[in-house]
1. For region 89-110, state whether one or more residues are within 23 Å of Gln130 (Cβ to Cβ), in contact with a Leu (Cβ under 6 Å, 6 or more places away or on another chain), modelled with pLDDT of 95 or more and not aliphatic (A, V, I, L, M).
2. Hey, does region 86-104 have a residue that's within 15 Å of the chain's Cα centre (by Cα), open to solvent by less than 70 Å² (accessible area, probe 1.4 Å), touching a residue at least 12 places away in the same chain (Cβ under 8 Å) and closer than 30 Å to Arg45 by Cα?
3. Of all residues in region 63-85, count the ones that are open to solvent by less than 20 Å² (accessible area, probe 1.4 Å), farther than 15 Å from Ile16 by Cα and β-branched (Val, Ile, Thr).
4. Of (1) free of Cβ contacts under 8 Å to residues at least 24 places away in the same chain; (2) under 22 Å from Leu27 (Cα atoms); (3) open to solvent by less than 60 Å² (accessible area, probe 1.4 Å), Asp108 satisfies all except one. Which?
5. Residue under question is Ala119, and the condition is that it be closer than 30 Å to Thr21 by Cβ, at pLDDT 95 or above and open to solvent by less than 40 Å² (accessible area, probe 1.4 Å); does it hold?
6. Just give me the residues in region 130-159 being touching a Leu at 6+ places or on another chain (Cβ under 6 Å) and closer than 16 Å to Gly38 by Cα, in sequence order.
7. Return yes or no: is Leu97 more than 16 Å from Phe14 (Cα to Cα) and either part of a helix (DSSP H, G or I) or not small (Gly, Ala, Ser) (or both)?
8. Applying the selection to region 32-59, what residues are of a type in the set (Gly, Ala, Ser) and open to solvent by 50 Å² or more (accessible area, probe 1.4 Å)?
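The values are calculated or read from the model by the stated rules, or taken from the named source; none is laboratory data. Note that this is a predicted model, so its numbers are computed, not measured. Here the Cβ is made from the backbone with ideal geometry for all residues, glycine too, and neighbour counts use every protein chain on show. Please note that ligands, DNA and RNA were not included when accessible areas were found on the heavy atoms of the full protein model with its side chains. Shrake-Rupley method; radii C 1.70, N 1.55, O 1.52, S 1.80 Å.
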Amino acid sequence: KPQQLPMQIRRNRFDIWQFQTVVSRRLLVWAGLNVTTGLWLQQHRDKFWRGYAMQAISWGAINAGIALIGMAATRFRKSRKPRPYARDVVAKEERNLSRALWITAGLDVYYVIGGVLLAKTRGKGYRLMQGIGWGFVMQGFFLFAFDIIHALLMRDENR
């Protein structure tokens, strides 16, 4: 028999376990789009697009791994809790996910900065490096928005 959700969760319609899975699934979709786009862009002769494609494929693989591990870890942690919807358990899961999203949003800024620096320095006159750099920038911008949006969705007033 499935566990009945506590009244507070039913009222707020926010289930941290489900939310963590949704975030991971969305990241997995983004990863798939990256790999697909990267494979398509690899067909170009222009080294810029080939460099960009290398980044898309690499980021797609990394994001897929993060998403799959995230889904598995969520299922595992939930299954190990005798009362996964206990107030203290839910509060800890919410705190941990929120913290992770805010920290990775900060890291995303560095991906953008690093990408611009790579494209403008080592990429000068070297199209492959320019593509790699701008690939970093695009990933950083997307992941920054992704992390911020999901962190904000966790706030009580946005549920």
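1. Within region 89-110, the first condition is being within 23 Å of Gln130 (Cβ to Cβ), and the residues that meet it are 107-110.
So of that shortlist, the ones also in contact with a Leu (Cβ under 6 Å, 6 or more places away or on another chain) come out as 108.
Still in the list and also modelled with pLDDT of 95 or more: 108.
When the remaining residues are screened for being not aliphatic (A, V, I, L, M), the result is 108.
Yes, the conditions are met somewhere in region 89-110.
2. no
3. Number satisfying all stated conditions: 0.
4. (1)
5. Details: closer than 30 Å to Thr21 by Cβ: no; at pLDDT 95 or above: yes; open to solvent by less than 40 Å² (accessible area, probe 1.4 Å): yes.
Criteria not met by Ala119.
6. Of everything in region 130-159, just one residue is touching a Leu at 6+ places or on another chain (Cβ under 6 Å) and closer than 16 Å to Gly38 by Cα, namely Gly133.
7. Details: more than 16 Å from Phe14 (Cα to Cα): no; either part of a helix (DSSP H, G or I) or not small (Gly, Ala, Ser) (or both): yes.
Judged against the criteria, Leu97 is not a match.
8. Pass one, region 32-59, residues of a type in the set (Gly, Ala, Ser): 32, 38, 51, 53, 56, 58.
If the condition is that a residue be of a type in the set (Gly, Ala, Ser) and open to solvent by 50 Å² or more (accessible area, probe 1.4 Å), then Ser58 is the only one that fits.
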